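The values are calculated or read from the model by the stated rules, or taken from the named source; none is laboratory data. Fair warning: this is a prediction, and the values are worked out from it, not measured in the lab. We place every Cβ from the backbone using ideal geometry, glycine too, and count neighbours over all the protein chains shown. The accessibility values were calculated without ligands, DNA or RNA, using every heavy atom of the protein model including side chains. Shrake-Rupley method; radii C 1.70, N 1.55, O 1.52, S 1.80 Å.
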Amino acid sequence: MTQWLAAFKAIDSSVKVVDFREPHDKASITMALVWKQAHGLLSLYPNLKCVASMGAGVDFIFEDPSYSTSIPMTRVVDPMLITDMEEFVTAQVYAHLKGLYDYKVKQQDSFWSQQPYLRKEEVTIGVMGLGILGTATACSLVRQGFKVQGWSVTKKKIAGVKSYDKNDLDIFLSHSNILICLLPLTPSTEGILNITNFSALPEGAFLIHVARGPHLVETDLIEALDSGWLSGAAIDVFHQEPLCKEHVFWKHPKVHMTPHCASISSPESVVPQVLANYKALMNSQPLLNQVNTEKGY
Ligand code: OXD
């Protein structure tokens, strides 16, 4: 929070920004910048004209019953967030291809054993969700020489990426040796990473999940890993964050966890677009990166 307030002050100190935990006049607030706000909080602000997410995702705003879809909502589209996501996913792809996670497990047993590894020509990567982050990640993998296909509600034209629409999920999955989930969380994508869809992947497929916890049916993932159908999963997002200490993922040898850190908004990079939107709002101009509140993304 301090970093965000400091960024606002440094970039434009003429705009009044308050920390919601400090006393302030709620009726004077026209724009709320939020990240996983407590449900009900937004209803305390009677004059909100815009709710801005601090990140790329907005699912947590829709989940708050005190948010009314009549209030315009914006999200972050930021080159730094995009590059961070491309790099994170690329790191996971190579960790899988080169068997780095398996070596980590073997190291714990002081076990020296060279293993065959995969080359990029041997795999097809499937990206679920071809929004801004999904498209950028798919293109970055294409530039690195990977075979890449994408799945989204409607087909997309992206150079080098074979695109499938919602009716072709099975065929898309059947060719995805590495499956990357970058879908928005909506009622139709919740639970999409389930045993039926895992079974449609080629044997030995690897999952990289960097979207939202509720896309994944966690018990189905464990089943697919324990049966040997999936070779591993790099999971960055969870139903409950932070994950509780007792969760089976922590100790599972085929689950490679990170604490929702694939791409983290940088206040210095994001604040200028929040300020631009604040000024647009004040001047009744169109907002940047406005969310379609009907579609949910
Ligand atoms: C985001 C995230 O939505 O970090 O930006 O998950």
- Message: Go through (1) modelled with pLDDT under 95; (2) assigned to a strand (DSSP E or B) for Thr186 and report which single condition fails.
- Response: (2)
- Task: Return yes when Ser284 is among the small types (Gly, Ala, Ser) and touching a helix residue (DSSP H, G or I) at 6+ places or on another chain (Cβ under 8 Å) and no when it is not.
- Result: no
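When the residues of segment 276-297 are filtered to those that are of a type in the set (A, V, I, L, M) and within 28 Å of Phe88 (Cα to Cα), which remaining residue is least open to solvent (accessible area, probe 1.4 Å)?
Only one residue tops the list, namely Val291.
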- Message: Among the residues in segment 57-72, are any in contact with a Cys (Cβ under 9 Å, 6 or more places away or on another chain) and surrounded by 12 or more Cβ atoms within 10 Å (Cβ to Cβ)?
- Response: yes
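I need a count of the residues in segment 142-175 that are part of a helix (DSSP H, G or I) and either within 23 Å of Ile195 (Cα to Cα) or in contact with a Ser or Thr (Cβ under 8 Å, 6 or more places away or on another chain) (or both).
9
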- Note on the structure: Within segment 1-45, residues being more than 29 Å from the chain's Cα centre (by Cα) and basic (Lys, Arg) number 2
- Ser163 fails exactly one of the following numbered conditions: (1) under 15 Å from Met128 (Cα atoms); (2) within 16 Å of the chain's Cα centre (by Cα); (3) polar (S, T, N, Q). What is the number of that condition? (2)
- Query: Of all the residues that make up segment 37-72, how many are assigned to a strand (DSSP E or B) and away from the ligand (no atom under 16 Å from the Cβ)?
  - Reply: 1
- Residue satisfying all of: in segment 204-230; more than 13 Å from His252 (Cβ to Cβ) and of a type in the set (Gly, Ala, Ser); nearest to the ligand (Cβ to nearest atom) among these: Ala211
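Being in a helix (DSSP H, G or I), more than 16 Å from the ligand (Cβ to nearest atom), over 24 Å from Asp236 (Cβ atoms) and open to solvent by less than 30 Å² (accessible area, probe 1.4 Å), is that true of even one residue in segment 16-32?
Checked segment 16-32: no residue is in a helix (DSSP H, G or I), more than 16 Å from the ligand (Cβ to nearest atom), over 24 Å from Asp236 (Cβ atoms) and open to solvent by less than 30 Å² (accessible area, probe 1.4 Å).
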- Just one of Gln92, Gln107, Gln115 is open to solvent by 80 Å² or more (accessible area, probe 1.4 Å) and not acidic (Asp, Glu); which is it? Gln107
- For segment 261-274, does any single residue satisfy the condition of being under 19 Å from Ala56 (Cα atoms), more than 20 Å from the chain's Cα centre (by Cα), more than 16 Å from the ligand (Cβ to nearest atom) and not hydroxyl-bearing (Ser, Thr, Tyr)? yes
- Restricting attention to segment 162-192, which residues are buried (at least 21 other Cβ atoms within 10 Å of the Cβ), under 22 Å from Leu118 (Cβ atoms) and without any contact (Cβ under 8 Å) to a residue 60 or more places away in the chain? Phe172, Leu173, Ser176, Leu179, Cys181
- Considering residues of segment 73-89 that are open to solvent by 10 Å² or more (accessible area, probe 1.4 Å) and part of a loop (DSSP other than H, G, I, E, B) only, the residue nearest to the ligand (Cβ to nearest atom): Arg75
- Inspect segment 198-207 for any residue being more than 30 Å from Ala10 (Cα to Cα), assigned to a loop (DSSP other than H, G, I, E, B) and of a type in the set (S, T, N, Q) and give the result as yes or no. no
- Item | Some residue of segment 102-112 being among the aromatic types (Phe, Trp, Tyr), over 21 Å from His256 (Cβ atoms) and outside any loop (DSSP other than H, G, I, E, B) | no
